[in-house]
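These notes are about the structure you will find just below.
The values are calculated or read from the model by the stated rules, or taken from the named source; none is laboratory data. These numbers come from a predicted model, not from an experiment. Positions of Cβ are generated from backbone atoms using ideal geometry, with glycine treated the same way; all protein chains shown enter the neighbour counts. Side chains included, ligands, DNA and RNA excluded: accessible areas come from the protein's heavy atoms. Shrake-Rupley method; radii C 1.70, N 1.55, O 1.52, S 1.80 Å.
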Amino acid sequence: MKQIIHLDCTLRDGGYYNNWNFENNLINEYLLALEKIKIDYVEIGFRFFDGTRNKGNCAYTSERFLNSLKIPKKVKIGIMVNASDLIEHFFKKKLPIEKNFVKKKKSKISLIRVACHFHEIKDAKKIIKKLKSMGYEIGINLMQISEKNNYEIIQAIKEIKKINPKVLYFADSLGSLDSDKTLKIVKILKKFWKKDIGIHTHDNMQNALRNSLTALNQGVKWIDTTVTGMGRGPGNTKTEIAILEFE
């Protein structure tokens, strides 16, 4: 477990509870605390393209907002984008991607993770490649993987290889995995994907931590957690428990 890359996504996943409305002072204290416990990446919010008028700063996570924060030097910043949004705006409407993203050298963002349902990968592929060419590290989050069979997972990996992201995550979006199912998924991924793998768990059956540790013990490198487990539905693996396990 010494090679773990630890990503905390409290503000992004926890934002479902308060409409992504976190005050700057709280965020700055949170970032400082995460630096002290050696969190590698902080996924500080989404970048939604529609319906953000009544949502907080972590719903769009603008460059202006990021520049207003006191981001510790040792913490890398990430955001999440839904593949459905990328497809709608930059594939169907053919809007310029520069409307919503600046080049990496002008941004505080290091990592852009794209949340993909299996059927969205092919259409989103070209747009994700464009983000990569702008200098960002790219992560792909395969959603609802518990509902897919081996063939579907393998075909998805073949498409993702054409994007060549930094990390391929699998997300237990429905919180329905147990240790055995997690192990089977990891084995399939490792057979067909030779780069970094990550896991994002939900705690519907109180298996989030157990599934995360199962994956890590099998060579998965990246893990998502949230403070107090704050996240959509029953929440996620708890940051404060995970770091004790790592110690």
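Quick notes
- Selection of trypsin sites (Lys or Arg not before Pro), the stretch 12-75, meeting DSSP coil and at most 14 other Cβ within 10 Å: LYS38, ARG53, LYS70, LYS73, LYS74
- Computed from label points 7 Å out along Cα-Cβ, the spacing between LYS122 and LYS158 is 1.1 nm.
- Accessible area per residue, Å², the chain with all protein chains present, probe 1.4 Å: 49 Å²
- Loop-located GluC sites (Glu not before Pro) in the stretch 1-63 (DSSP state other than H, G, I, E, B) with a sparse environment of at most 12 neighbouring Cβ atoms within 10 Å: GLU23.
- Counting 0.36 nm for each residue step from SER68 to LEU183 and taking away their Cα separation leaves a gain of 37.2 nm.
- Neighbourhood net charge (10 Å Cβ-Cβ; Lys/Arg +1, Asp/Glu -1) for LYS195: +3
- Coordinate range along principal axes, alpha carbons of the chain, Å, largest first: 44, 41, 29
- Distance histogram in 10 Å bins (all Cα pairs of the stretch 1-53, percent per bin): 21, 49, 23, 6, 0
- Ranking by accessible area, most exposed first, for ASP180, ASP13 with a 1.4 Å probe: ASP180, ASP13
- Carbon + sulfur, % of accessible area of the chain - ligands and nucleic acids excluded, 1.4 Å: 49 percent
- Relative contact order (%) - criterion: Cα under 8 Å, at least six apart; region: the chain: 19 percent
- Scaled against the 2.2 N^0.38 Å expected of a compact globular protein of N residues, the Cα radius of gyration of the stretch 160-247 reads 1.04.
- Debye-formula intensities of the stretch 60-116, expressed as log10 I(q)/I(0) at q = 0.18, 0.21 Å⁻¹, are -0.68, -0.88 (one equal scatterer per alpha-carbon, no solvent).
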